[in-house]
Protein chains: 2
Amino acid sequence: MCEANAEKTKKRIMLKVSYDGTNYCGWQIQPNGITVEGVLNQKLSELLKEEVSVIGASRTDSGVHALCNVAVFDTCSPIPGEKMSYALNQRLPEDIRIVESKEVSADFHPRHCSSRKTYEYHIVNAPFPNPMKRLYCHFTYLPCDVEAMQRAAQHLIGEHDFKSFCTVGAQVETTVRTITDLQVFRAEDEIIIRVTGTGFLYNMVRIIAGTLLEVGYGRREAGDMPSVIEAKDRQAAGPTAPACGLRLVKYEFD
Amino acid sequence: MCEANAEKTKKRIMLKVSYDGTNYCGWQIQPNGITVEGVLNQKLSELLKEEVSVIGASRTDSGVHALCNVAVFDTCSPIPGEKMSYALNQRLPEDIRIVESKEVSADFHPRHCSSRKTYEYHIVNAPFPNPMKRLYCHFTYLPCDVEAMQRAAQHLIGEHDFKSFCTVGAQVETTVRTITDLQVFRAEDEIIIRVTGTGFLYNMVRIIAGTLLEVGYGRREAGDMPSVIEAKDRQAAGPTAPACGLRLVKYEFD
């Protein structure tokens, strides 16, 4: 609760939030289940002794991880913006860390401004799973043709109607999105799919990962991608790859 | 339980075992607490319908991880050695995986034969911890001079009396050990200490890590290492670094 002349002293704080999504029902507050947003609101309210509701940039799903999701909130607290991270980290559980905090202009809204997000989808591709990566990577022992996956990926770059790559039932005005970069490469025992875009549909990255994996397995041709896009039909794309392999790695605001 | 002519059909199987040590009280069976050895014995006994006791190569501590610990056991089972991994993995929890299994000669004993082990100690060195690495890496935000750590490490390579790097009270015939290689390097947000040797004392790698970190922080000089070794006194070395940062990564038998 701010003082009487609240509006004058109110400021908007931006948080960069890193979390292991394993133990959370995703970002967004749910009636039943612990969420990252819920924990942030609770700990911020305790710290600042006022009711705080953060606005998150990306509502990651249950089990999805983030190195740098973004959230903003308004407060009358005298704590300087850049010190918020330290104060908040002392209260947060170890699987959520604020990696940066700073004051931003009062009209900055992380979902209403132009931005680019980068996601990575990690797949351990080895004869057996690596127990230390089981919570952060999908696993397949099947041989994968990463070059074919990379060729398939090239077809998805650019502005397209990604309706085939959107879970049915999602309510959006348009299913047109722009992917600015999409790379598939091996690193140690992993295949990493790294995709950057200005916006993503519901489950879009996980469906892209599931579809590219089918190309990797040889069940689809890389050259089939244009017709998958053209179909504008979820059935035309591959399965939704599991949540644990997905992580939000970068958020850039213009 | 083997048949009457058991000795004739008995064979020795070697397992390479990968595990996330977070939820285990180490390798070795304990009266109170779940251990990797205990789980392996239980699941192998269920699978093979005979009492099985594995012999482990390295008795890793509580919270320490392994990519390839080694264990052997004797069995009369008709399951071919190389198929044991698949059968056993179906019964094991997800944080333990058998990554290889094969028949070995009946006199192969993983602790009584000449071998080289490689451990890695991982430290996230960044302003804030990475939640996805919190169970697998130590963390420090302090600036670290990795070149100084590497210079200090060079003094530890070779055959030395490592009594200063052994937890007091450990019962061993000699505290002389040989380190064949010891590297310190950065990889992404981590500092990795990789050490190979023919044998290690109790907590030796964690004490080396704790001592090298003090060099990194500037609290000790790299050139002090010879006198730390010479002291043959645990007090002369640095603190024992936390278990979670340690992982056994390679086991080689001559």
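Structural remarks
- Within the stretch B:69-90, tally of residues that are within 20 Å of B:Arg111 (Cα to Cα) and either more than 13 Å from every other protein chain (Cβ to nearest Cβ) or surrounded by fewer than 20 Cβ atoms within 10 Å (Cβ to Cβ) (or both): 6
- Per the listing A:Ala71, A:Ala66, the residue uniquely in a strand (DSSP E or B), in contact with a strand residue (DSSP E or B) (Cβ under 9 Å, 6 or more places away or on another chain), without any contact (Cβ under 8 Å) to a residue 60 or more places away in the chain and not acidic (Asp, Glu) is A:Ala71.
- Hey, A:Lys102 away from chain B (no Cβ under 14 Å), more than 30 Å from A:Ala209 (Cα to Cα) and among the basic types (Lys, Arg) or not: no
- Checking B:Tyr86 against (1) of a type in the set (Phe, Trp, Tyr); (2) closer than 30 Å to B:Asp145 by Cα; (3) in a helix (DSSP H, G or I), the condition it does not meet: (2)
- Checked across the stretch B:54-63, the condition of being more than 14 Å from chain A (Cβ to nearest Cβ), modelled with pLDDT under 95 and in a helix (DSSP H, G or I) holds for no residue.
- Whether a residue is crowded, with 20+ Cβ neighbours inside 10 Å, β-branched (Val, Ile, Thr), in contact (Cβ under 8 Å) with a residue 24 or more places away in the chain and assigned by TED's automatic domain parsing to the domain that holds A:His138 was assessed, and A:Ile179 does not pass this test.
- Any hit, the stretch A:50-63, residues being without any contact (Cβ under 8 Å) to a residue 24 or more places away in the chain and either surrounded by 18 or more Cβ atoms within 10 Å (Cβ to Cβ) or more than 25 Å from A:Ile193 (Cα to Cα) (or both): yes
- Sole residue being touching a strand residue (DSSP E or B) at 6+ places or on another chain (Cβ under 7 Å), touching a residue at least 60 places away in the same chain (Cβ under 8 Å) and either over 28 Å from A:Glu94 (Cβ atoms) or within 14 Å of chain A (Cβ to nearest Cβ) (or both), chosen from B:Arg151, B:Arg116: B:Arg116
- Here the condition is being assigned to a strand (DSSP E or B), within 27 Å of B:Cys113 (Cα to Cα), away from chain A (no Cβ under 14 Å) and in contact with a helix residue (DSSP H, G or I) (Cβ under 7 Å, 6 or more places away or on another chain); of B:Val168, B:Val195, it holds for B:Val195 alone.
- Of the residues making up the stretch B:182-210, those that are under 24 Å from B:Asn130 (Cβ atoms) and in contact (Cβ under 8 Å) with a residue 40 or more places away in the chain are B:Arg186, B:Asp189, B:Glu190, B:Ile191, B:Ile192, B:Ile193, B:Arg194, B:Val195, B:Val205, B:Arg206, B:Ile208, B:Ala209.
- Among the conditions (1) touching a Phe, Trp or Tyr at 6+ places or on another chain (Cβ under 8 Å); (2) away from every other protein chain (no Cβ under 11 Å), A:Asp95 misses just one, which is (2).
- Scanning the stretch B:135-148 for residues that are surrounded by 13 or more Cβ atoms within 10 Å (Cβ to Cβ) and in contact with a strand residue (DSSP E or B) (Cβ under 8 Å, 6 or more places away or on another chain), we see that the one that is nearest to the other protein chains (Cβ to nearest Cβ) is B:Tyr136.
- Residue in the stretch A:175-192 that is more than 18 Å from A:Lys117 (Cβ to Cβ) and touching a Ser or Thr at 6+ places or on another chain (Cβ under 9 Å) present: yes
- Selection of the stretch A:106-160 for residues being under 19 Å from the mean Cα position of the chain (by Cα), hydroxyl-bearing (Ser, Thr, Tyr) and not in a loop (DSSP other than H, G, I, E, B) yields A:Ser115, A:Thr118, A:Tyr119, A:Tyr121.
- Scanning the stretch A:146-196 for residues that are charged (D, E, K, R) and closer than 20 Å to A:Glu230 by Cβ gives A:Arg151, A:Glu159, A:Asp161, A:Lys163, A:Arg177.
- Single match in B:Arg206, B:Arg186 (criterion: of a type in the set (Lys, Arg) and part of a helix (DSSP H, G or I)): B:Arg206
The values are calculated or read from the model by the stated rules, or taken from the named source; none is laboratory data. Worth saying up front: this structure is predicted, and the values here are computed from it rather than measured. Here Cβ is always computed from backbone atoms with ideal geometry, including for glycine, and neighbour counts include all displayed protein chains.
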